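Right, one structure below, let's go through it.
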Amino acid sequence: MATKKNKKTAEVVDIDQLILDNANANRGTLHGQELLRKSFRELGAGKSVLIDKNNRLIAGNKSKEASKAEGVKKVIIVDADADTLVAVKRKDLSLDSKKGRDMSTADNATAEQNLEWDESALQYMTEKWDMDTKDWDVETKAMGEDFKPNLNPTQQNSITTSRDVAAAEKKIEDGLEQKKKAQDLADVTCPTCGFKFQIKKFDK
């Protein structure tokens, strides 16, 4: 089948022209954002984001934040419609290469690790736009606090979540365990050759 050329326009703009969602239902996670930044830092840009007619991000808020943090300054905006899928082509890449497979793995891993629903934002969207998140297999809980959209979304709210707190606590516990093990060892230096090594301390 012949390739069909179309007249869809594209323009290069500053990344700050993409406006963050002021009621983003994905808090994200610290670990997920670190992975996303790593992917931009080590592999470069490779995924598209979705914006509305006013340049407000529908999908890709975390990608905008992570890419900007890693030095990305420009965005190519392509006019599209609901019947056209937009593909990003990296001419420097082959899928059958380490970098290509790293990118495909990173794309799935970052999506999985960087999702934590903001229940209050979900409740806000449900009430304001009469939507049902269950249509997308997302359950919402009854919230006691009112959600206030960010009127100046230059950055998202804190992305530290319960998952991150649990991970930090485990890291501290592991560190304490390692420290305890180290305290059970004694440094010894061979008086003949000067070689240094450790032995387990014995109770007196």
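Of the peptides 56-69, 25-38, 115-128, 186-199, the ranking by mean beta-carbon count within 10 Å, highest at the top, reads 25-38, 56-69, 115-128, 186-199.
A cut-off of 5 Å between modelled amide H atoms, ignoring neighbours fewer than 5 places along the same chain, links ILE19 with ARG56, LEU57. Each residue of the stretch 42-56 was assigned a 3J(HN,Hα) from its phi angle through the Karplus curve 6.51 cos²θ - 1.76 cosθ + 1.60 (θ = phi - 60°); the sequence is 9, 10, x, 6, x, 10, 8, 10, 10, 10, 8, 5, 9, 6, 8 Hz, with glycine and proline shown as x.
Here the calculated FRET efficiency for GLU127 and ASP107, from their Cβ-Cβ distance with R0 = 41 Å, stands at 0.80, rounded to the nearest 0.05.
Taking a ≥ b ≥ c as the square roots of the Cα gyration tensor eigenvalues, with a/c under 1.5 meaning rounded and otherwise prolate when a/b beats b/c, else oblate, which class fits the stretch 1-114? Don't skip to the answer; put the middle values down first.
Working: a/c = 1.76, a/b = 1.13, b/c = 1.56.
Oblate, because a/c is 1.5 or more while a/b does not exceed b/c.
Taking label points 7 Å from Cα along the Cα-to-Cβ direction, CYS190 and ILE76 give a separation of 6.3 nm. Computed from label points 7 Å out along Cα-Cβ, the spacing between LYS134 and GLN17 is 4.3 nm. Between GLY60, GLY71, LEU93, the Cα set farthest toward the positive side of the dipole of the stretch 1-114 (charges on each charged residue's Cβ, about the Cα centre) is that of LEU93.
Give me the number: length gained by fully extending ALA45 to VAL88, i.e. 0.36 nm times residue separation minus the C-alpha to C-alpha distance, one decimal in nm. Don't jump to the answer; show the numbers that get you there.
Details: separation 43, 0.36 × 43 = 15.48 nm, distance 0.96 nm.
So the extension gain works out to 14.5 nm.
In debye, nearest 20: dipole of the stretch 28-79 around its Cα centre with unit charges on the Cβ of K, R (+) and D, E (-)?
Details: 11 positive and 6 negative charges, 22 e Å.
Computed charge dipole of the stretch 28-79: roughly 100 debye.
Its relative contact order, with pairs defined as Cα atoms under 8 Å and 6+ residues apart, puts the stretch 1-114 at 41 percent.
Where a number appears in this text, it was derived from the coordinates with a stated rule and is not lab data. Values in this document were obtained by computation on a predicted structure and should not be read as measured data. Every residue, glycine as well, gets a Cβ built from its backbone with ideal geometry; the counts of neighbours run over all protein chains shown.
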